[in-house]
1. Which of the numbered conditions does residue 157 fail, given that it passes all the others? Conditions: (1) outside any helix (DSSP H, G or I); (2) closer than 26 Å to residue 25 by Cα.
2. Conditions first: (1) modelled with pLDDT under 95; (2) part of a helix (DSSP H, G or I). Residue 21 passes all but one, so which condition is the exception?
3. In this structure, is residue 237 crowded, with 17+ Cβ neighbours inside 10 Å and within 30 Å of residue 170 (Cβ to Cβ)?
4. Within the bounds of region 249-266, is there any residue that is over 20 Å from the mean Cα position of the chain (by Cα) and at positive phi?
5. In this structure, is residue 12 modelled with pLDDT under 95, over 28 Å from residue 234 (Cα atoms) and either touching a helix residue (DSSP H, G or I) at 6+ places or on another chain (Cβ under 9 Å) or part of a helix (DSSP H, G or I) (or both)?
6. If residue 205 satisfies all but one of (1) out of contact with any strand residue (DSSP E or B) (no Cβ under 7 Å at 6 or more places or on another chain); (2) crowded, with 24+ Cβ neighbours inside 10 Å, what's the number of the condition it fails?
7. Looking only at region 164-189, which residues are part of a helix (DSSP H, G or I) and either out of contact with any helix residue (DSSP H, G or I) (no Cβ under 7 Å at 6 or more places or on another chain) or under 12 Å from residue 220 (Cβ atoms) (or both)?
8. Out of all the residues in region 193-205, which are in a helix (DSSP H, G or I), in contact with a helix residue (DSSP H, G or I) (Cβ under 6 Å, 6 or more places away or on another chain) and under 19 Å from residue 137 (Cα atoms)?
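The values are calculated or read from the model by the stated rules, or taken from the named source; none is laboratory data. Everything numeric here is computed off the predicted structure, so don't read it as measured data. Every residue, glycine among them, receives a Cβ derived from its backbone with ideal geometry; neighbour counts consider all protein chains shown.
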């Protein structure tokens with residue numbers, strides 16, 4: 001899962017005194033941090049090290065990632081003039097992405113590299129709220145009360161996301177994952193009307209490449225069917241919905257990714273093994289199953305426990 005490296009001592013050494021957005025713009029650092037979990041754990045794919053706000057920073061949005069807070073936008077976008085700042089992203093805006101992907105594909109060999117981007121709703125939430133939000137009140141007010149402005153901001157963000165992912169794919173990424181971290185804050189009706197069309201457009205634009213497309217959100221149990229409808233080949237389920245039920249909600253033709261609760265790895269190994277075994281058993285009912293955590297690795301996770309978990313999944317999957 002994304003953020004797999006942040007619990008590693010080698011990650012902390014590399015990131016010491018280096019701000020997050022600077023780390024995400026340095027090819028050498030992107031490559032090193034992406035490779036760290038692969039080297040240590042022997043996982044089956046690498047997740048490109050980046051952040052969802054990197055493309056926004058690249059087109060000139062004044063923002064920063066503040067430790068302990070998250071992305072903070074200097075001037076929230078809540079009107080037509082603000083939306084005009086969301087211009088198209090060009091390859092020349094993100095040369096460090098091309099360079100890092102090239103380095104990684106050379107170093108990874110046959111291990112796939114999964115590209116990464118944030119989805120329009122989550123990006124819009126940060127831009128409209130000005131930072132992380134529990135209630136998304138400004139975002140929902142704009143979505144409900146000014147549908148034309150909402151459509152404009154979502155279309156522009158969808159285009160930026162496609163440009164960011166195209167750059168990764170054309171540089172050599174083997175698959176892409178679209179993170180909609182905050183979309184679980186919406187009802188099914190609002191998701192279908194105000195978010196799903198833009199996610200669908202993104203997946204449709206990427207279909208020409210013929211690579212796996214993964215869709216993930218947090219707290220999206222009631223939305224899983226529509227996340228599948230949006231056009232991804234694989235849909236991630238967090239830990240709130242059992243994998244077999246998630247597969248049933250997704251319907252035919254979709255693989256499921258997930259979904260061990262990240263907090264589980266703090267429990268005794270016997271508990272971790274039992275719950276992992278259960279997820280793997282349930283995953284056999286899906287048309288395809290990628291075992292993973294149900295969200296990002298928590299920063300104070302014991303790396304040795306994650307290594308043991310990876311080895312256990314490989315052993316169980318081989319039988």
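1. (1)
2. It fails just one condition, (1).
3. Values: crowded, with 17+ Cβ neighbours inside 10 Å: yes; within 30 Å of residue 170 (Cβ to Cβ): yes.
So residue 237 fits the description; yes.
4. Quick first cut of region 249-266, residues over 20 Å from the mean Cα position of the chain (by Cα) only: 249, 251-253, 264-266.
The next check asks that each one be at positive phi; those that pass are 251, 253.
Checked against the condition, which is being over 20 Å from the mean Cα position of the chain (by Cα) and at positive phi, region 249-266 yields at least one hit.
5. Numbers: modelled with pLDDT under 95: yes; over 28 Å from residue 234 (Cα atoms): yes; either touching a helix residue (DSSP H, G or I) at 6+ places or on another chain (Cβ under 9 Å) or part of a helix (DSSP H, G or I) (or both): yes.
Against the criterion (modelled with pLDDT under 95, over 28 Å from residue 234 (Cα atoms) and either touching a helix residue (DSSP H, G or I) at 6+ places or on another chain (Cβ under 9 Å) or part of a helix (DSSP H, G or I) (or both)), residue 12 qualifies.
6. (2)
7. We begin by selecting, within region 164-189, every residue part of a helix (DSSP H, G or I); these are 164-171, 183-185, 188-189.
Within region 164-189, 166, 170, 183, 184, 185, 188, 189 qualify.
8. Going through region 193-205, the residues in a helix (DSSP H, G or I) turn out to be 193-194, 196-205.
Keeping just the survivors that are in contact with a helix residue (DSSP H, G or I) (Cβ under 6 Å, 6 or more places away or on another chain) gives 194, 196, 198, 201-202, 205.
The answer is 194, and nothing else.
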